[in-house]
1. Pull up all non-local amide H partners of Gln109: gap of 5 or more, or a different chain, and H-to-H distance under 5 Å with H placed in the peptide plane.
2. Excluding same-chain pairs closer than 8 in sequence, count the lysine pairs in the chain whose Cα atoms lie under 26 Å apart.
3. With θ taken as phi - 60° and the coefficients 6.51, -1.76 and 1.60, list the Karplus ³J(HN,Hα) couplings across segment 46-62 in order, rounded to whole Hz; mark glycine and proline as x.
4. Near the amide H of Val154, under 5 Å away, which other amide H atoms are found, from residues 5 or more places off or on another chain, if H is placed in the peptide plane?
5. Taking the Cα atoms only, what angle lies between the long axis of helix 2-18 and the longest principal axis of the chain, rounded to 10 degrees?
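None of the figures in this text is laboratory data; all of them are computed from the coordinates on show. Given the structure is predicted, the values throughout are model-derived calculations rather than measurements.
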Amino acid sequence: MNKLVCVAISLLLFSGYASANPTLTEDVIKGISAELKQAMENGDIAVFEKYLYPGSKIVIDMDPSNSAGQVEVSYDDYMQLLEMSLPLMQNAVLHDEVLSISIDDANNQATIREKTNITVEVMGIKVRDVSISETTYGIVNGQIKALAATDQLVSSEQIE
């Protein structure tokens with residue numbers, strides 16, 4: 001009987017631990033950043049689906065002149081843009097520089113700010129873009145999700 005009680009208590013404790021929300025740390029955020037970088041290089045939309053959700057606030061800026069082209073897009077529109085553009089991107093090479101990571105332990109949120117240099121061929125044209133992005137992650141239904149993501153294009157140039 002005592003063994004049965006011990007096993008039951010252990011199972012209860014373990015099940016509570018297993019369903020606990022993940023904790024956002026600097027290493028977790030760096031891991032997500034690396035995973036998304038690899039997904040962009042490989043054209044793997046599933047990784048973006050893993051971290052975005054319909055409640056994500058997504059702001060993109062495709063005009064390098066001082067936030068002039070900032071547009072908020074819905075999750076569905078953003079996923080559609082990714083589905084159309086990722087297959088067109090050939091030989092993508094990304095270099096990320098983490099500018100900052102801040103952890104909000106009280107709300108189990110984390111914000112990463114990065115500078116990204118990407119060189120890619122699109123329909124035979126080689127382009128180099130530099131952007132600054134900021135993404136805030138939080139826990140939604142027990143999973144790590146991007147609560148807000150902004151990406152501002154700093155420069156874009158065609159290269160040979």
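1. Counting only residues 5 or more places away or on other chains, the set is Asp104.
2. Eligible lysine pairs with Cα atoms under 26 Å apart amount to 15.
3. In residue order, the calculated couplings are 4, 5, 5, 4, 5, 9, 9, 8, x, x, 5, 8, 10, 10, 10, 9, 9 Hz.
4. When sequence neighbours closer than 5 places are left aside, the close amide H contacts are Val130, Ser131, Ile132.
5. 20
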